[in-house]
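Structure, as structure tokens:
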Protein chains: 2
Amino acid sequence: MPELRKDPVVGRWIVFSPERQIRPERYRCEELPPTRPEDDPFLEGHEAYTPPEVYAIRPSGSAPNGPGWQLRVVPNRFPALRVEGELDKEAVGFYDRMNGIGAHEVIVETPHPQLVLEKQNLAGVARVFEACRARIIDLSRDLRMNYVLVFKNHGAQAGATMPHPHSQLIAMPVTPIVVKEKLVAARAYYLEKDRNLFEDILKSEKKTGDRVVFENDGFTVFCPFASRFPFETCVMPRKQSADFQNSTDEDLLLLAEAVQRTLAAYAEALNRPNYNLVLHTAPFRRSRHPEAWTTLDADFRWHIEILPRLTGVAGFEFGTGFYINPTLPEEAAGVLREAVTRG
Amino acid sequence: MPELRKDPVVGRWIVFSPERQIRPERYRCEELPPTRPEDDPFLEGHEAYTPPEVYAIRPSGSAPNGPGWQLRVVPNRFPALRVEGELDKEAVGFYDRMNGIGAHEVIVETPHPQLVLEKQNLAGVARVFEACRARIIDLSRDLRMNYVLVFKNHGAQAGATMPHPHSQLIAMPVTPIVVKEKLVAARAYYLEKDRNLFEDILKSEKKTGDRVVFENDGFTVFCPFASRFPFETCVMPRKQSADFQNSTDEDLLLLAEAVQRTLAAYAEALNRPNYNLVLHTAPFRRSRHPEAWTTLDADFRWHIEILPRLTGVAGFEFGTGFYINPTLPEEAAGVLREAVTRG
């Protein structure tokens, strides 16, 4: 029998239709064909193929834009938004527009073209999050910007065009509508109950435990009660923190473990699925004007969503904002938990 | 230079990045491989392959579930929701769920396996909308249901698994979050301005004309100011009506012309793209309790969205609720308008 479940944060209903399910190992996952080395702009020695780096981890102390790096952050060559210029907001007749001021950067996670994130050692995964933290802190100084979205598209079905392991970030002048919805819900919940919505979700997950995939001292990974996609996971810090960029090195090492173990479980249980990963943190407006937030940011908590792209997004999803998901999260978590334990 | 535009209904920002554009004729569109006739459940003579029909157009007066039809509506064999049972809403600890009561039906648009919607004659296209109207009216009598979403997935990239031309509808106990957002925005606009938001959009589009693709006595087709996808179109009735199911036969013939001409323009200009089509109408709650709606449904207007699937939905879109669109709607409308004129 199908079942509808409501997302406790954004109020979206998900239709669970187990009859439409296929076995996890049957999912067809396309790998991007490897780039020919001469065409890979992210290889060591190819630093001139990209715009000059804005950040890099160079333990040997090597010079910028040359070899000797473990990770590089470079502006996207085909940026969705541009850094140059004054922010200009205006009405166009009946409508509203602004110029496309922002930043679009690529985090080249490793010089190795096939070293996917889950195969890196913990220090390597942690470097990616250190780079995110550094870039968010730097971009938050630009007062034209209000938000930085960190995301990763892995595989063609998830929108990637390059197989060389990389993540992306886009800084923008407006707060994403999805983040705004979460902030509004978290604020309303806090005002009503004097409790943190995300802490209550974690408590509820720990009580039953049947949707929990992995846990360490810093993070809990679970399949959300109203998952949009089969095997979707949420990586949630166990301690309250609205701003990702306030994470310590120790936090990031624990985060690296949680993400790496989860991605490794996907790779094993689901035949290396394509996936999107997104990081939701508070907009800069909050950290810039903490005095305006009387609850001292006790209401919102940063977190990561990992969305395997095993099912499509089609007319029903666009028409409703709801999703049809063939796999109950309890089942998905069982499969992933087993893979984590074996891994 | 990129540009951000705000959707005047739901407040979503769209990032227009013309530098990421490709030429319309270069879009790669996959066709689903044709089904072998013996495997096509929607062929004439294969009526027993589907559950018994709930509606059909049989001008010859032929008996149900046999040959002699122009269009059939049948329950989906793998329904996302099920018709049987009492609606049961409950709390599960911290969360909310309900059982999956609803209906999931397939509108087989024609007995011909390759007669895509834009190649049907006007009467054939109008039949599809007549079937939608009849099914919505019938399903609205079921008081467990609150909304019927009509949608069409054409092509594998748009989520279709069968090439035989068909549309779908899903009746559900809750109003889609996307429709709710539109209703709330339309209501707020009406209360503030004493004007209809959709009428104001139409007026604004007609004033400039540069996003208009096609117009007849009943409908205006235009590329929305803040289109999510390249070549996205909206088919809007020119007269005020909140409920699609109140459309007359004459309305539906004009609608058929607007949709057919638009789809034909897509096929010609964009190399037969995969697309999703969704119909947004008012939820039943409004038509069942008109006395509760003091503005007499003057605020919301039903309409159709057509979303060519030429670009993907990836981390940025999931993480923000915004979209990156390489093609400005003025440009898209120019291309489509030319194709409509030639067609």
Before we move on, is B:P79 in contact with a strand residue (DSSP E or B) (Cβ under 9 Å, 6 or more places away or on another chain) and either touching a residue at least 40 places away in the same chain (Cβ under 8 Å) or not aliphatic (A, V, I, L, M) (or both)?
yes
Enumeration of residues in region A:284-333 that are of a type in the set (G, A, S) and either at pLDDT 95 or above or farther than 20 Å from A:R23 by Cβ (or both):
A:S287, A:A292, A:A298, A:A314, A:G315, A:G319, A:G321, A:A332, A:A333
Among the residues of region A:127-137, are any surrounded by fewer than 17 Cβ atoms within 10 Å (Cβ to Cβ), of a type outside the set (G, A, S) and assigned to a loop (DSSP other than H, G, I, E, B)?
no
Among the residues of region B:207-221, how many are in contact (Cβ under 8 Å) with a residue 12 or more places away in the chain and loosely packed, with under 14 Cβ neighbours inside 10 Å?
1
Going through A:L149, A:L169 one at a time, which residue ends up being within 12 Å of another protein chain (Cβ to nearest Cβ), within 28 Å of A:G66 (Cα to Cα) and touching a Gly at 6+ places or on another chain (Cβ under 6 Å)?
A:L149
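Conditions tested, residue by residue: (1) in contact with a Gly (Cβ under 9 Å, 6 or more places away or on another chain); (2) closer than 16 Å to A:P329 by Cβ; (3) in contact (Cβ under 8 Å) with a residue 24 or more places away in the chain.
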position	(1), (2), (3)
A:E3	yes, yes, yes
A:G11	no, no, yes
A:V15	yes, yes, yes
A:Q21	no, yes, yes
A:R26	no, no, no
A:P37	no, no, yes
A:E47	yes, no, yes
A:P52	no, no, no
A:I57	no, no, yes
Flag if B:T233 is buried (at least 22 other Cβ atoms within 10 Å of the Cβ) and of a type in the set (S, T, N, Q)
yes
Determine if region B:284-291 includes at least one residue that is in a loop (DSSP other than H, G, I, E, B) and either closer than 25 Å to B:S167 by Cβ or of a type in the set (S, T, Y) (or both).
no
Identify, from the list A:L336, A:L255, the residue that is modelled with pLDDT of 95 or more, touching a Cys at 6+ places or on another chain (Cβ under 9 Å), in a helix (DSSP H, G or I) and not small (G, A, S).
A:L336
How many residues does region A:19-39 contain that are within 14 Å of another protein chain (Cβ to nearest Cβ) and either out of contact with any helix residue (DSSP H, G or I) (no Cβ under 8 Å at 6 or more places or on another chain) or exposed (fewer than 15 other Cβ atoms within 10 Å of the Cβ) (or both)?
6
Select from region B:156-166 the residues that are assigned to a loop (DSSP other than H, G, I, E, B) and at the interface with chain A (Cβ under 10 Å from one of its Cβ atoms) and write down the one among them that is nearest to A:G319 (Cα to Cα).
B:G159
Tell me the residue from B:F16, B:F42 that is aromatic (F, W, Y), within 13 Å of chain A (Cβ to nearest Cβ) and surrounded by 13 or more Cβ atoms within 10 Å (Cβ to Cβ), please.
B:F16
Hey, B:K119 farther than 21 Å from A:M1 by Cβ, within 8 Å of another protein chain (Cβ to nearest Cβ) and of a type in the set (K, R) or not
no
B:L336 in contact with a strand residue (DSSP E or B) (Cβ under 8 Å, 6 or more places away or on another chain) and touching a residue at least 40 places away in the same chain (Cβ under 8 Å):
yes
Pick from region B:88-121 the residues that are buried (at least 16 other Cβ atoms within 10 Å of the Cβ) and of a type in the set (A, V, I, L, M): which of them is nearest to A:V10 (Cα to Cα)?
B:M98
When the residues of region B:150-180 are narrowed to those that are polar (S, T, N, Q) and either buried (at least 20 other Cβ atoms within 10 Å of the Cβ) or in contact with a Phe, Trp or Tyr (Cβ under 8 Å, 6 or more places away or on another chain) (or both), which ends up nearest to B:L81 (Cα to Cα)?
B:Q168
Of all residues being within 19 Å of A:G319 (Cα to Cα) and in contact with a strand residue (DSSP E or B) (Cβ under 8 Å, 6 or more places away or on another chain) in region B:236-254, which is surrounded by the fewest Cβ atoms within 10 Å (Cβ to Cβ)? Just the residue, please.
B:P237
Subset of region A:301-341 [facing chain B (nearest Cβ under 7 Å), at negative phi and among the small types (G, A, S)]:
A:G312, A:A314, A:G315, A:G319
Matching residues, region A:190-199, being within 30 Å of A:G334 (Cα to Cα) and in contact (Cβ under 8 Å) with a residue 24 or more places away in the chain:
A:N196, A:L197, A:F198, A:E199
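The values are calculated or read from the model by the stated rules, or taken from the named source; none is laboratory data. Keep in mind the model is a prediction, meaning the values are calculated, not measured. Methodologically, a virtual Cβ is constructed for each residue, glycine included, from the backbone with ideal geometry; neighbour enumeration extends over all protein chains shown.
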